[in-house]
1. Relative contact order of the chain, please, whole-number percent, based on alpha carbon pairs below 8 angstrom and at least 6 residues apart.
2. Relative contact order for the stretch 9-85: what is it in percent, counting Cα pairs under 8 Å that are at least 6 residues apart?
3. Taking the chain, how much of its Cα-Cα pair set, in percent, is spaced more than 29 angstrom apart?
4. Counting each DSSP H run of 4 or more residues in the chain as -39500 (n - 2.57), what helix-only mean residue ellipticity at 222 nm follows after dividing by all residues, to the nearest 500 deg cm²/dmol?
5. With a point put 7 Å past each Cα toward its Cβ, work out how far Asp39 is from Gln129 in nm, to one decimal.
6. Could you work out how much longer the chain between Asn10 and Asp144 gets when fully extended? Use 0.36 nm per residue separation minus the Cα distance between them, nm to one decimal.
7. Relative to the longest principal Cα axis of the chain, at what angle does helix 179-191 sit, 0 to 90 degrees, rounded to 10?
8. Please compute the contact order of the stretch 97-179 in relative form: average sequence separation of alpha-carbon pairs under 8 Å and at least six residues apart, divided by the residue count, as a percent.
Amino acid sequence: MRDLLLASKNPGKLREIKDIFAGTKYNIISLLDFPNSPDVVEDAATFEGNAKLKAKAIFEKYNVPVIADDSGIMLYQLGNRPGVHSARYAGEHATDADNNKKLLHELALFPSPHKGEYACCAVYFDGEQYVVSFGRLTGKIIFDARGSNGFGYDPYFAPDGYEQTMAELSMEDKNAISHRGKAFADLQSKLSNL
């Protein structure tokens, strides 16, 4: 088994990524295993730029191959906001509840449906090369939170073709359709050829 360091302290994301890489030659560890890990400033203008910033900074700190991602939600009525600012939409130390409250407040000015998409860029970096993958999932925002299996905007996001929100889906179903699931599954497939 080869260690891959996930550049995240998010336990929900870690569970998703471990599930995607289950049965492969990789053992996924995360920044939760490194209590004093640095916070990387994500100030790039794109998901790919932020993912690469994280991967490079964490590799340089620990000298272990890194996988990182940046993802977010883009609402068409809001000009594709919050986008790269999804995790900090309501401020630098905003909670999921804060971000959702701001998003719903802004969307309330527009008629339903509130269409948009989740987007994700996942990268691998080993000090020499980047491997990059993308994933997206279209759907709509609802105003009544449902489910407890997700994080972020998941309780409010109903993917196209589903009555359930992302937070109501099982981990297996969520990974099969999610933006992050698609990006990391594609990344995992590319890494199997390295």
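1. Details: 378 pairs, mean separation 36.4, N = 194.
The normalised contact order for the chain reaches 19 percent.
2. On the way: 62 pairs, mean separation 14.2, N = 77.
It rounds to 18 percent for the stretch 9-85.
3. Taking all Cα-Cα pairs of the chain, the fraction more than 29 Å apart is 20 percent.
4. Details: 5 runs with 59 residues, N = 194.
Calculated mean residue ellipticity at 222 nm is -9500 deg cm²/dmol.
5. 3.5 nm
6. Values: separation 134, 0.36 × 134 = 48.24 nm, distance 2.41 nm.
Here the answer is 45.8 nm.
7. For 179-191 against the chain, the angle is about 20 degrees.
8. Details: 123 pairs, mean separation 20.2, N = 83.
It comes to 24 percent, rounded to a whole number.
Only the coordinates and a few stated rules stand behind these numbers; no lab work does. Not measured: the values here are computed from a predicted model. Cβ atoms come from the backbone with ideal geometry, glycine included; neighbour counts cover every protein chain shown.
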